[in-house]
Amino acid sequence: MKKYTLKDIDSFIRKNNIIKKFLNDDDIVKIHHEWYLNSGLNFNDFLWLLFNKSILINGEMFGQTGDELLFYQNNYNLYINMAYFRREEGASSKIVRKFMRLGFESQNKADKLSAKKSIFKMKVTAITNINGTCEYAKSVHAKEYEVDNFLNECHIATDKCTNEFGCSCTFALSPLRDEKGHFIRKNI
């Protein structure tokens, strides 16, 4: 179980650099000061607060810019980093999967937006650890899904996952190809 201290803040921020997209050094110092005055007991709680502040700021940025794709991509990165952080802390695989799934939901929404804008027909491919212990991951490795149905049909980062450390799967959006290997265009 990883316990961070103030001495670890730089390495934590480097590892979770998505936070710097939303909070500069002055913001982090101010948040630390407020956290320290209000509770200041468990430093990992402060680090978790940085993630939550980043999520709020991402929402505010979306409200200002209306950039839905960027909003979902940022959420994906935040939630995945939150999952890794919880894994480091020794959280149960259920908790880790919860944040992985939130990240996957955000990325799938981003993929749906990208697929709509693309001139090509798109698919989602599950990318899993076939050498791991999770039988579900092995069963869906390299399986292709329609973008709109991916999370309804593929149950990575759910209770079907048996990886003791939480889900280690991911997925990728790519164009569909015909039998000759050419991208398939949409009928526009």
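Rule-based calculations on the coordinates, nothing more; no lab input. Every value quoted in this text rests on a predicted model; they were computed, and no experiment measured them. Glycine also receives a Cβ, built like all others from the backbone with ideal geometry; neighbour counts cover every protein chain displayed.
A few points about this structure:
- Of Ser93, Trp35, Asn77, farthest towards positive along the dipole that unit charges on Lys, Arg, Asp, Glu beta carbons give the range 1-94: Ser93
- Taking the Cα centre of the chain as origin and assigning +1 to Lys and Arg Cβ atoms and -1 to Asp and Glu Cβ atoms, the resulting dipole is close to 460 debye.
- Value of Rg to Rh for the range 119-187, rounded to two decimals, is 1.06; Kirkwood radius and Rg both from alpha-carbon coordinates.
- Overall form of the range 1-117 per C-alpha gyration tensor (a/c, 1.5; a/b vs b/c): oblate
- Prolate/oblate/rounded label for the range 42-188 (Cα gyration tensor, a/c 1.5): oblate
- Estimated from helices alone, the mean residue ellipticity of the chain at 222 nm is -17500 deg cm²/dmol (sum of -39500 (n - 2.57) over DSSP H runs with n ≥ 4, per residue).
- Cβ-defined net charge surrounding Lys117, 15 Å radius [Lys, Arg +1; Asp, Glu -1]: +2
- Lysines whose Cα lies under 26 Å from that of Lys143, excluding same-chain neighbours fewer than 8 positions away: Lys94, Lys98, Lys109, Lys112, Lys116, Lys117, Lys121, Lys123, Lys160, Lys180, Lys186
- The chain: DSSP helices with Cα axial extent of at least 15 Å and average Kyte-Doolittle hydropathy no lower than 0.0: 43-65
- Selection among Gly181, Tyr145, Thr65 by position relative to the dipole of the chain gives Gly181 as farthest towards the positive end (Cβ unit charges, Cα centre).
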